[in-house]
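Below is one structure; the comments refer to it alone.
Every number here is computed from the coordinates shown, using simple stated rules; none is lab data. Computed from a prediction, not measured in an experiment: that's the story for all the values here. Neighbour counts are summed over all protein chains in view; Cβ atoms, including those assigned to glycine, are modelled from backbone coordinates with ideal geometry.
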Protein chains: 2
Amino acid sequence: MFKLIRKIEDLNSWHASNSKAIGLVPTMGNLHVGHLSLVNKSLNENSVTLVTIFVNPKQFGPNEDFAEYPRTLERDCELLKEELDKFSGKELVVFAPASTDEIYPDGFSTIISVNGISEILCGADRPGHFDGVTTVVHRLFNISKASTAYFGQKDYQQVKVIQRMVLDMGLQIDIKTLPISRDEDGLARSSRNQYLTTEARQMALTLPKTLSQIEKLLTSDSWLNSGVEINKILETSLSDKRWNYLEIKDANNLNEVTPNTNKVVILGAFKVDKTRLIDNRLVKINYA
Amino acid sequence: MFKLIRKIEDLNSWHASNSKAIGLVPTMGNLHVGHLSLVNKSLNENSVTLVTIFVNPKQFGPNEDFAEYPRTLERDCELLKEELDKFSGKELVVFAPASTDEIYPDGFSTIISVNGISEILCGADRPGHFDGVTTVVHRLFNISKASTAYFGQKDYQQVKVIQRMVLDMGLQIDIKTLPISRDEDGLARSSRNQYLTTEARQMALTLPKTLSQIEKLLTSDSWLNSGVEINKILETSLSDKRWNYLEIKDANNLNEVTPNTNKVVILGAFKVDKTRLIDNRLVKINYA
């Protein structure tokens with residue numbers, strides 16, 4: 001069963017007749033294979049999957065791409081129906097607010113912030129971005145009444161910020177993270193990739209390639225000795241203005257890596273022309 | 001049935017065996033008749049009442065009375081048992097976190113802010129106070145799993161801020177407000193009243209007396225003509241430094257009063273020695 005809902009009021013009516021556990025996939029639409037892998041997982045694990053499609057103004061900076069961000073609801077619904085067709089007896093509800101007012105009605109004033117972890121990496125480049133994310137995600141958690149929510153690992157910091165909020169506030173929802181989906185050339189799938197010209201895309205591959213290079217050095221038998229080489233890559237990259245950041249952090253909490261760190265994440269943000277792309281790699285540390 | 005719980009873990013175990021709707025009375029303890037009227041109401045309306053007792057450090061400013069705030073758990077439990085004894089077949093659970101870490105464990109980073117309404121009146125005098133309130137109240141809503149929460153009208157702005165948060169975030173909880181409980185001399189009941197010497201208490205009565213005076217003028221037949229007199233009271237009061245504020249606001253949203261306002265609230269904060277007291281009066285406007 002497929003259903004498209006455009007108003008919270010209608011979502012609430014639907015809730016009244018639904019008694020099954022709900023899996024939530026919050027998106028900004030313009031769905032790609034990455035999103036669909038989240039939907040597939042949710043369909044697998046829940047009787048009811050709720051996909052939200054909302055381009056959230058609060059998470060865009062004043063000079064960012066809110067206006068241009070691709071809005072393709074009809075095609076998104078087609079893709080979701082195709083995904084649903086792979087299952088039987090499952091229900092998929094799309095909640096695509098008819099307008100921004102539906103989510104942020106007149107007088108809306110609440111902001112949820114997660115200090116510290118929201119202020120580094122993407123948070124440093126995009127002030128207020130994660131406040132916008134946590135505020136809308138929290139709201140979506142509540143109006144969706146979901147028991148599980150699915151996020152992509154591409155937005156690694158986002159997932160960590162949301163997990164912190166869920167833990168701090170004692171929200172009754174499980175957060176599940178799925179691996180990054182990549183195109184054949186290695187670029188992580190993103191709605192923003194379509195902003196890239198063929199030439200720009202070639203340049204964008206610097207991002208996954210550099211992350212892979214560091215990953216290889218970290219997982220090599222002699223990784224303790226690779227430090228010099230890794231630092232050289234970091235230094236060279238950061239002298240290139242296209243890199244917003246390139247960092248190696250404790251994967252658990254995005255703090256600095258310490259001798260107790262057993263898993264690191266290599267995170268990069270790389271700008272080609274006006275398009276800002278992010279990517280990351282998780283690496284387990286095997287101490288010799 | 002009466003139960004005292006000191007850890008969230010134990011609260012969660014209790015939740016697992018409870019299937020009844022829960023009424024929540026969040027307090028900072030040192031219970032007085034005002035709190036007990038909230039507990040009484042909740043006992044009346046719910047099979048299970050959860051009273052939380054937690055002196056929340058986040059809602060105190062650095063120079064405020066967090067350290068001195070009276071902590072009287074044993075006596076509070078006695079009073080609650082007495083209240084419970086007025087009912088039969090009801091359950092009252094006290095959740096009094098054993099330590100601050102129970103509510104704010106290591107790494108806690110989330111802050112909930114309600115813009116605008118949090119920044120006026122008490123919010124202007126006590127920067128960050130309402131962020132502390134909304135953060136803890138939201139957390140308590142979640143860990144209590146309550147369907148209704150009871151607050152006193154004395155903290156009128158607090159109730160309005162919380163209502164805004166509940167609305168904005170789509171929280172599934174009813175907020176009920178009960179009238180201000182007063183001592184015989186007219187002073188609103190507050191745990192902070194015990195800081196007052198006999199002399200200071202006499203001085204503190206300026207607060208309820210002034211509010212009553214304005215209320216009388218507003219409800220007089222010729223209230224439109226009382227404007228001059230009201231303004232004189234406001235002016236005189238505000239030239240007296242003991243008044244932190246004395247304002248007449250739209251009771252609905254604490255905005256400025258407009259020709260569409262049908263209910264106003266007169267709010268005052270008055271400081272005697274080091275003790276800051278608040279009070280308010282709700283007044284329906286009957287246009288002639």
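Structure summary
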| item | result |
| --- | --- |
| Relative contact order, percent, segment A:126-277 [alpha-carbon distance under 8 Å, six or more residues apart] | 18 percent |
| Over segment B:52-188, relative contact order from alpha-carbon pairs under 8 Å, at least 6 apart, % | 24 percent |
| Likely footprinting exposure, B:SER222, A:SER88, A:SER237, A:SER212, fewest C-beta neighbours within 10 Å first | A:SER88, B:SER222, A:SER212, A:SER237 |
| DSSP bridge pairs, chain A: antiparallel proportion in percent, nearest 5 | 45 percent |
| Point-charge dipole on Cβ atoms (K/R +1, D/E -1) for the protein assembly as shown, about Cα centre, debye to 20 | 480 debye |
| Average partner coverage of B:168-177, which counts Cβ from other chains inside 10 Å | 4 |
| Farthest toward positive dipole pole in segment B:2-178 [+1 Lys/Arg, -1 Asp/Glu at C-beta], among B:LEU24, B:CYS77, B:THR134 | B:LEU24 |
| Lysines whose Cα lies under 30 Å from that of B:LYS209, excluding same-chain neighbours fewer than 8 positions away | B:LYS41, B:LYS154, B:LYS160, B:LYS176, B:LYS232, B:LYS241, B:LYS249, B:LYS263, B:LYS271, B:LYS274, B:LYS284 |
| Loop-exposed GluC sites (Glu not before Pro) per DSSP, neighbour cap 11 Cβ within 10 angstrom, longest uninterrupted part of chain A | A:69-183 |
| Under DSSP loop assignment and at most 16 Cβ neighbours within 10 Å, longest trypsin sites (Lys or Arg not before Pro)-free interval of chain A | A:87-240 |
| Positive-pole candidate from B:TRP14, B:PHE108, B:ALA124, dipole of segment B:2-178, charges at beta carbon | B:TRP14 |
| Projected area averaged over orientations for segment B:191-284, convex hull of C-alpha atoms, nm² | 6.4 nm² |
| Global geometry of segment B:225-277, whether rounded, prolate or oblate, following the gyration tensor of its Cα atoms and the 1.5 cut on a/c | oblate |
| Percent antiparallel among DSSP beta bridges (both partners in the protein assembly as shown, rounded to 5) | 50 percent |
